[in-house]
Amino acid sequence: MLKIFTTQLSSYFKRIGEKEEFNLEDGARILAQAAIGEGNIYIYGVNEMQAVMYEATQSAEPLAHAKSLELNDISSLTSVDRVLIVTRFSTDEKAVQVAHTLLEQGIPFVSIGAIPKEVQGDSIHELADVHINTYLLQPLIPDDSGERFGFPALMTTLYAYYGLSFTLKEIMDENE
């Protein structure tokens with residue numbers, strides 16, 4: 001089963017790398033505006049995606065100028081700040097709520113999450129300045145009864161985050 005999981009997961013990584021290449025670059029440029037200027041890059045992770053926030057702020061290689069974003073901190077953001085919203089699905093209500101608040105305040109933001117095949121209501125992929133799709137909509141491994149398991153949303157999202165992070169580092173290095 002691990003081999004099936006690895007093969008399937010690798011195909012998602014490849015899809016993100018190929019299909020989201022320009023969005024990763026555009027997203028990194030938006031985040032770089034804060035890092036190069038006088039702002040901060042705030043990370044908001046919904047549910048398990050808080051792990052991406054911790055990776056960006058407290059890991060062995062934290063993202064330059066990154067801070068965690070709490071809902072009660074949104075009103076203190078300024079025009080020089082940028083935000084990265086990370087969620088399992090682009091239609092997540094908490095993520096959409098944060099996106100609307102950022103739009104009202106005029107704060108540019110990037111989002112990461114899978115876009116459902118049928119979107120009903122708001123989706124951050126339509127609200128964000130740039131959205132990176134992770135494409136993961138269902139668990140990867142089928143069992144004997146036809147059920148599926150192994151839903152590595154955090155892994156695909158971290159892959160996309162690292163794409164943003166590496167590209168942001170390149171931009172920062174060019175501006176030094």
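For the chain, the solvent-accessible area of protein heavy atoms averages 53 Å² per residue (probe radius 1.4 Å; ligands and nucleic acids excluded). For the chain, the longest principal axis of the alpha carbon atoms and the long axis of helix 21-36 meet at an angle near 30°. Computed from Cα atoms, the angle from the helix 2-19 axis to the main principal axis of the chain rounds to 40 degrees. Over the residues of the chain, the helix contribution to mean residue ellipticity at 222 nm works out to -15000 deg cm²/dmol, using -39500 (n - 2.57) for each DSSP H run of at least 4. When Rg and the Kirkwood Rh are both derived from Cα coordinates, the Rg/Rh ratio for the chain amounts to 0.98.
Amide H contacts under 5 Å for Ala66: Ile41, restricted to partners 5 or more places along the chain or on a different chain, H placed in the peptide plane at 1.01 Å from N. The portion of the accessible surface of segment 49-176 made up by carbon and sulfur, rounded to a whole percent, is 47 (1.4 Å probe; DNA, RNA and ligands excluded).
The values are calculated or read from the model by the stated rules, or taken from the named source; none is laboratory data. Predicted, not measured: the structure shown is a model, and the values here were computed from it. The accessibility values were calculated without ligands, DNA or RNA, using every heavy atom of the protein model including side chains. Shrake-Rupley method; radii C 1.70, N 1.55, O 1.52, S 1.80 Å.
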